[in-house]
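Down below is the structure, laid out as structure tokens.
Just so it is clear, none of the values below were taken in a lab; they were calculated from the coordinates. Since the model is a prediction, treat every value here as computed from it, not as a measurement. Cβ placement follows ideal geometry from the backbone for every residue including glycine, while neighbour counts extend to all protein chains displayed.
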Amino acid sequence: IRLEDNYNVAVIGGGPAGYVAAIRAAQLGAKVAIVEKGVFGGTCLNVGCIPSKAYLKNVEIVEHIKHAASRGIIIENPEIKFDMEKVVEFKNGVVKKLTTGVEALLKSHGVDIYRGFGKINKNKDVVIDDKQIIKADKIILAGGSKVFMIDIPGIKNDKVLTSDDLLGLKEVPETMVVLGGGVIGAEMGLSFAGLGSKVIIVEMMDHIVSMFDDDITDELTRLIKKKGIEIVTSAKVTEVVDKGDKLEIKIEGRESVFADKALLAIGRVPDLESLGEVKFETERGRIKVDKYMETSVKGIYAPGDINGIKMLAHVAFRMGEVAAENAVKGNHRSVKLLSAPSVVYTLPEVAMVGLTEAQAREKYGDDIRIGRFNFSANGRALASSEAEGFVKVIADNRYGEVLGVHIIGPTAAELITQASLIMEMEITVDEVVNTIYGHPTYSEAIFEAFADVLDEAVHIP
Ligand code: FAD
């Protein structure tokens, strides 16, 4: 094994948590190395956030084309087909641009790049592919996550795909069953339905995307069923049987469903392979960290999906930044997740920040106020043929503190940032309502929902 160099900080994993940590540490003057076994950008850029949104946009374009006639736009010979080679090629082009961009950023910040599988040996050095060693004062483990393989008989089958497989598929399956109606299941289910698959989502809980507010998930369920997606809830899958031409998905106490392919979207689990020979405290398959992102082993930090706290790219960005600052300057900055939004990129989009109504009632009893505004009364949404969904605001009754904001509707993923800012800055309901919003904008639905908390919304009958 060849000793390469000594560093202030060594990062294992070049996804959102790892690459941000490496760059931030370098910005702070540290000598930094990063080890990546695959392609920089991690799950998010290669097989997650970005490629999935390229697919979603295709579906959105087709929806617009389908609605065009109702707006007086005549498209003649309106047969729409997908050239999947080209769909995948376009997606790959976007991914390539971004992943090479990350690598270029690392280089421009003077970070040394090592390629291969990194793990920690008992001396707390980083070993790469059992060939190279680097020594570092501090280590940042950012190995991310991988697909959770649930132990159901028959699940290991070529026709059972992960989201990684699905995003490279050159043929759209005629029928596809999505096992798990979480965020990834809902997003990928919708995208493939848009590409022409008959999609059935099978979910164990009584709602899809069950961590969201009940009113929102009810509306999402209604709207995506309208697109022809079948949703089976409270359904426990017990076995997958390969019938040759089709898969049979057996469900406890119910009729089976049949499909050409299945997407396994039960969830993701931290990838702990980089932990090597050092003993860390773990909890249900996650590496434990404190608010500084430090593990039970002093000087070793673990930001991002690997700690399983909230498996989202923007959370990984922040955790990576905080881990780097603490590694270089001593523990001083903590991660606060109050203003971190959660988003489902369906059509329409869903986004939330803060507490759901059920959580707010559990914490505050009935001492809360709720405001709501439908996009069907929003001028911009109507003019854009995108008037589905609503904004729901939950506030504390006494001080007008904002407890949660929930949006289903056009550009929800963009709009939610306003709510994140409002909550981060502790802006109260009447302060929001004092703000002048531009007209006509989708954002006015947020304004009106806040005004409705005070019973002051003018555009509600
Ligand atoms: P990862 O992105 O998993 O990166 C870990 C990196 O470490 C990888 O590059 C891996 O190759 C490398 N690595 C691991 N072990 C080693 C080792 N031992 N040696 C060397 N390298 C190693 N989040 C959002 O916020 N918005 C979205 O819209 C969104 N959409 C998603 C869609 C899908 C289909 C999926 C699967 C995920 C999506 N996510 C989304 C989640 C998001 O991708 C993750 O939260 C994010 O990528 C986590 O970043 P990370 O750096 O912690 O881990």
**Message:** What percentages make up the Cα-Cα pair-distance distribution of the range 154-242 when the bins are 5 Å wide from 0?
**Reply:** 3, 14, 26, 25, 18, 10, 4, 0
**Ranked by how many other beta carbons lie within 10 Å on average, peptides 159-168, 340-349 from highest** = 340-349, 159-168
**Request:** Starting from the Cα coordinates of the range 281-327, work out the convex hull volume and express it per residue in Å³.
**Result:** 55 Å³
**Fill in**
Extension length gain for V241 and K57 (0.36 nm per residue less Cα distance), in nm, is 62.9 nm
**Asked** Under the definition of Cα pairs under 8 Å and six or more residues apart, what whole-number percent is the relative contact order of the chain?
**Response** 15 percent
**Item:** Distance-filtered residues of the range 165-198 - backbone nitrogen under 15 Å, label point 7 angstrom along I80 Cα→Cβ
**Value:** 190-198
**Message:** I'd like to know which of A25, C44, F117 lies farthest towards the positive end of the charge dipole of the range 19-152, counting +1 on Cβ of Lys and Arg and -1 on Cβ of Asp and Glu.
**Reply:** A25
**Item:** the chain - charge dipole about Cα centre, Lys and Arg +1 at Cβ, Asp and Glu -1, debye rounded to 20
**Value:** 1540 debye
**Linear extension gain, L382 paired with R398, 0.36 nm per residue minus alpha-carbon span** = 2.3 nm
**Asked** With θ set to phi - 60° and the Karplus curve 6.51 cos²θ - 1.76 cosθ + 1.60, what are the ³J(HN,Hα) couplings of the range 350-367 in order, to the nearest whole Hz, using x for Gly and Pro?
**Response** 10, 8, 9, 9, x, 8, 7, 4, 4, 5, 5, 5, 5, 8, 10, x, 8, 7
**Asked** Tell me, Kirkwood radius of the chain from alpha-carbon pair distances, in Å?
**Response** 23.9 Å
**Request:** Evaluate the Kirkwood expression for the hydrodynamic radius of the range 178-292, namely the inverse of the mean inverse distance over all pairs of different C-alpha atoms, and round to one decimal in Å.
**Result:** 16.1 Å
**Prompt:** If packing is taken as the mean number of other Cβ atoms within 10 Å per residue, what is the order of 118-128, 81-91, 15-25, highest first?
**Reply:** 15-25, 118-128, 81-91
**Request:** Compute the FRET efficiency between T233 and N123 as 1/(1 + (r/R0)^6), taking r as their Cβ-Cβ distance and R0 = 51 Å, and round to the nearest 0.05.
**Result:** 0.50
**Request:** Divide, for the range 42-180, the radius of gyration over alpha carbons by 2.2 N^0.38 Å, where N is the residue count.
**Result:** 1.49
**Request:** Kindly write out, for the range 166-172 in residue order, the coupling ³J(HN,Hα) from the Karplus curve 6.51 cos²θ - 1.76 cosθ + 1.60 (θ = phi - 60°), rounded to whole Hz, with x marking Gly and Pro.
**Result:** 4, 6, x, 5, 9, 10, 7
**Asked** Considering only I73, A104, V88, whose Cα is most displaced toward the positive end of the charge dipole of the range 6-145, charges sitting on Cβ of Lys, Arg (+1) and Asp, Glu (-1)?
**Response** A104
